[in-house]
């Protein structure tokens, strides 16, 4: 089994939580990837079609051995959108979604959930109980639309950045992935 992780919009593949996950799942093959805008040295994310294609391109050589896909915030969201694509779903083994951005802060009506009912793979959501991108109650409401098995892990009193919880997140992800195998 392989693991492919993408960062959130404001960080790179060197984000401490992604590095901690890579270390926690060793000796499993784990690749941390950056999106094209980050590789080009830009701070503003590319449009979704470019981000989605980047996930497909990075995932393609890893699919043969089974692939768990995911990442932080926007990175995890893009991975879930590729796996839940109505026309050409990526055949992942599972999704690891850390701080999933259910909606922009302060805009609970602007949901990012249309693809969730097409996720038929096991999904792990690791989320802070004070995340302004979605409360635990909101996340549970919308993840209930996922037909595949869903696991939630809540990090108490943490926001979207899950500051100070990198090792906890890494342990949760490693244990969940080992249970998949």
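Screening the candidates 142, 154, 176 for the property of being surrounded by fewer than 22 Cβ atoms within 10 Å (Cβ to Cβ) and in a strand (DSSP E or B) yields one hit, 154.
Just so you know, in segment 11-56 the residues that are assigned to a helix (DSSP H, G or I) and over 16 Å from the mean Cα position of the chain (by Cα) include one that is nearest to residue 88 (Cα to Cα), and it is 49.
I'd like the full set of residues that are crowded, with 20+ Cβ neighbours inside 10 Å and either at pLDDT below 95 or out of contact with any strand residue (DSSP E or B) (no Cβ under 9 Å at 6 or more places or on another chain) (or both), limited to segment 28-60. 38, the sole residue that qualifies.
Name the residue that is nearest to residue 131 (Cα to Cα), counting only residues in segment 73-89 that are over 8 Å from the mean Cα position of the chain (by Cα) and buried (at least 20 other Cβ atoms within 10 Å of the Cβ). It would help to see each step written out before you state the result.
Step one: list which residues in segment 73-89 are over 8 Å from the mean Cα position of the chain (by Cα), which gives 81-89.
Now narrow it down to the ones that are buried (at least 20 other Cβ atoms within 10 Å of the Cβ): 81-84.
Values: 81: 21, 82: 24, 83: 24, 84: 24 Å.
Among those residues, the one meeting the criterion is 81.
Being closer than 18 Å to residue 175 by Cβ and either crowded, with 16+ Cβ neighbours inside 10 Å or at pLDDT 95 or above (or both) is the requirement here; does residue 25 meet it? It is true that residue 25 is closer than 18 Å to residue 175 by Cβ and either crowded, with 16+ Cβ neighbours inside 10 Å or at pLDDT 95 or above (or both).
Just checking, does segment 160-170 include any residue being more than 20 Å from residue 23 (Cα to Cα) and either part of a strand (DSSP E or B) or at pLDDT 95 or above (or both)?
Residues of segment 160-170 that are more than 20 Å from residue 23 (Cα to Cα), as a first pass: 160.
Pick out the ones that are also either part of a strand (DSSP E or B) or at pLDDT 95 or above (or both) and you get 160.
Yes, there is a match, as at least one residue in segment 160-170 is more than 20 Å from residue 23 (Cα to Cα) and either part of a strand (DSSP E or B) or at pLDDT 95 or above (or both).
In segment 6-22, the qualifying residues are those that are surrounded by fewer than 17 Cβ atoms within 10 Å (Cβ to Cβ) and modelled with pLDDT of 95 or more, and the one that is nearest to residue 83 (Cα to Cα) is 12.
The values are calculated or read from the model by the stated rules, or taken from the named source; none is laboratory data. Predicted, not measured: the structure shown is a model, and the values here were computed from it. Glycine also receives a Cβ, built like all others from the backbone with ideal geometry; neighbour counts cover every protein chain displayed.
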